[in-house]
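K.L.:
Below is the structure I would like to discuss, written out as structure tokens.
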Amino acid sequence: MLSARRDLVLILDFGSQYTQLIARRIRESGVYCEIHRYDVPLERIRALAPRALILSGGPSSVYGEDAPHVSPDLFTEAGVPILGICYGMQLTAHLLGGRVERGREGEYGPAQVRVALPAGVFSRLGEGEALDVWMSHGDRVVELPPGFSTLGTTDTTPFAAVYNEERKIYGLQFHPEVAHTPRGKELLDAFLFDVVGLSPTWTPASFVDEAVEAIRAKVGPDARAVCGLSGGVDSSVAAVLCQRALGDRVVCIFVDNGLLRKGEAEQVVKMFGDHFHLRLVHVDARKEFLEALAGVTDPEQKRKIIGRVFIEVFEAEAKKIEDARFLVQGTLYPDVIESVSVRGGPSAVIKSHHNVGGLPERMHLGLVEPLRELFKDEVRAVGATMGIPHHVLWRHPFPGPGLAVRCLGAITEERLAVLREADAIFEQEIREAGLYDKIWQSFCVLLPVRTVGVMGDERTYDEVIALRAVESRDGMTADWARIPYEVLGRTSARIINEVRGVNRVAYDVSSKPPATIEWE
Ligand code: XMP
């Protein structure tokens, strides 16, 4: 919707595990880019009018039976600079008359490229300089297409970086987008700014201006929009952005399901109601949720009940808002990228995630998704530009079903209170130790077992709290955080002394996979 008005770099995805990284590096340089499947039709590419094309890496061999290919017309018709990375370079060489050979061993891991010619993507480097790079390829180019020359070589790869100056086509056999190629950003910047001639105009502030205009155009001059505000990063940024565009015509619904962390409901109301002056409907639905969950111990059933009650409560409130014709959702870019799935087919649902899926159709609401084009780090940058404080933007992820999936066994008000107190202590200790921003998530889990203890001269028979803290980049895989023993010791002592009903604390030392981050 917006891309026709801004400079766009188009990344064609051939299934590399690093394609999203290419996009993030380019965005970090202040240039807008989109990822499309390699087989996006040429007409669509023409309509998008990109300023440059990047062909990603991928797991295939150009000679493979099902290898993803593009039409050779792309190289003549695109009329813009092209950068092929790894498989993208091999495909370019193959289609333009060069020769690619099946490597006997491949080349994986660190390597050093010597700069033969400091031009094009190498223009910011010096001749003879050694560049640390990350290689990950089986096949390799053994003969260049006509009109191509070498920019850099390694001991085993004679064509590690190549170009055709006249046609502005570049190829890198290594991966400039990964952290293991420390100067990779300089190469990408040389391509974007020196070769293509782009300027770094994609900034959080420019995004806010464009998004505000787009939201106004979509919602029109009279309609209202409803926004489910959870207090998490995405819904907070989406809500404030919509308020900028629509003022009081966006109504935020905050549902207190009784499964929130200590003081959370008060904080959301204070921050978004009092400070940002959002039009906020605070629904106290604690009773409904607890009643629906009474006696339920099965994790999937808990999630389903919470999802259903949420929709019922939300729908009832939304119906009260006159002229509400749109629903704001905090969908992010990784959810909408049409990528090539390397493994083929959608991955299995491990846990049913709780969201407002189905509501827009049921209520005949249009969708406003102002964050659809953003990666998570960009959402935070946009939030910061609009004055949303650091502690909201960097709060650890919290699951939709809240404490219900951390209160193992039956959920009661008393058990939730125990969990809430313990959790607040752990968070405080993690913050005071300066660890909060370094780890992905930390929280408490209340276990449905009782163990024997002794307090003073008395025997106790109380419940167990498990501490969970993990390091992760995206929540897909995770490792348990190596928290100092002193922090664990202090947390344990405080929980056992300060929270009635707990006489034992354990630390979870499992990684994901095979465990998951949450216990349910
Ligand atoms: P698991 O437990 O599957 O969690 O390793 C991965 C990440 O997802 C979060 N999570 C959820 N987030 N709704 C959410 O919005 C949910 O139902 C849900 N379940 C898990 C979890 O906290 C972790 O960050």
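The values are calculated or read from the model by the stated rules, or taken from the named source; none is laboratory data. Just so we're clear, the structure is a prediction, and the values are computed from it rather than from any experiment. Heads up, the Cβs are rebuilt from the backbone with ideal geometry, glycines too, and the neighbour counts pull from every protein chain shown. Only protein heavy atoms, including side chains, enter the accessible area calculation; ligands, DNA and RNA are left aside. Shrake-Rupley method; radii C 1.70, N 1.55, O 1.52, S 1.80 Å.
K.L.:
Could you say whether any residue in the stretch 481-502 is of a type outside the set (A, V, I, L, M) and either within 14 Å of the ligand (Cβ to nearest atom) or in the same structural domain as T297 (by TED's automatic domain parsing) (or both)?
P.N.:
no
K.L.:
Can you tell me which condition V505 does not meet? The list is (1) touching a residue at least 40 places away in the same chain (Cβ under 8 Å); (2) within 16 Å of the ligand (Cβ to nearest atom), and all the others hold.
P.N.:
Among (1) touching a residue at least 40 places away in the same chain (Cβ under 8 Å); (2) within 16 Å of the ligand (Cβ to nearest atom), the lone unmet condition for V505 is (2).
K.L.:
Name the single residue, out of those in the stretch 397-414 being touching a Leu at 6+ places or on another chain (Cβ under 7 Å) and in a loop (DSSP other than H, G, I, E, B), that is farthest from the ligand (Cβ to nearest atom).
P.N.:
Per the stated criteria, the residue is I411.
K.L.:
Further, regarding this structure: Considering the stretch 399-427 alone, what residues qualify as being out of contact with any strand residue (DSSP E or B) (no Cβ under 8 Å at 6 or more places or on another chain) and either free of Cβ contacts under 8 Å to residues at least 60 places away in the same chain or open to solvent by 20 Å² or more (accessible area, probe 1.4 Å) (or both)?
P.N.:
Hits for the stretch 399-427 are P399, G400, T412, E413, E414, A417, R420, E421, A424.
K.L.:
Still on this structure, I have one more. Run G109 past the list (1) under 35 Å from the mean Cα position of the chain (by Cα); (2) at pLDDT 95 or above and report the number of the one that doesn't hold.
P.N.:
That leaves (2) as the condition not met.
K.L.:
Another one. Would you kindly identify the strands (runs of 3 or more DSSP E) lying entirely within the stretch 1-108 that contain at least 2 residues that are under 26 Å from P334 (Cα atoms)?
P.N.:
Ranges flagged: 8-13, 32-37, 52-55, 82-85.
K.L.:
Inspect the stretch 77-93 for any residue being surrounded by 18 or more Cβ atoms within 10 Å (Cβ to Cβ) and over 32 Å from the mean Cα position of the chain (by Cα) and give the result as yes or no.
P.N.:
Yes, the stretch 77-93 contains at least one residue that is surrounded by 18 or more Cβ atoms within 10 Å (Cβ to Cβ) and over 32 Å from the mean Cα position of the chain (by Cα).
K.L.:
Can you tell me which of A23, A52, A47 is open to solvent by less than 10 Å² (accessible area, probe 1.4 Å), within 27 Å of V368 (Cα to Cα) and in the same structural domain as M89 (by TED's automatic domain parsing)?
P.N.:
A23
Conditions tested, residue by residue: (1) at positive phi; (2) in contact with an Asp or Glu (Cβ under 7 Å, 6 or more places away or on another chain); (3) open to solvent by 40 Å² or more (accessible area, probe 1.4 Å); (4) not hydrophobic (A, V, I, L, M, F, W, C).
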| position | (1), (2), (3), (4) |
| --- | --- |
| L278 | no, no, no, no |
| K287 | no, no, yes, yes |
| E291 | no, no, yes, yes |
| G295 | yes, no, yes, yes |
| I321 | no, no, no, no |
| A324 | no, no, no, no |
| T331 | no, yes, no, yes |
| I337 | no, no, no, no |
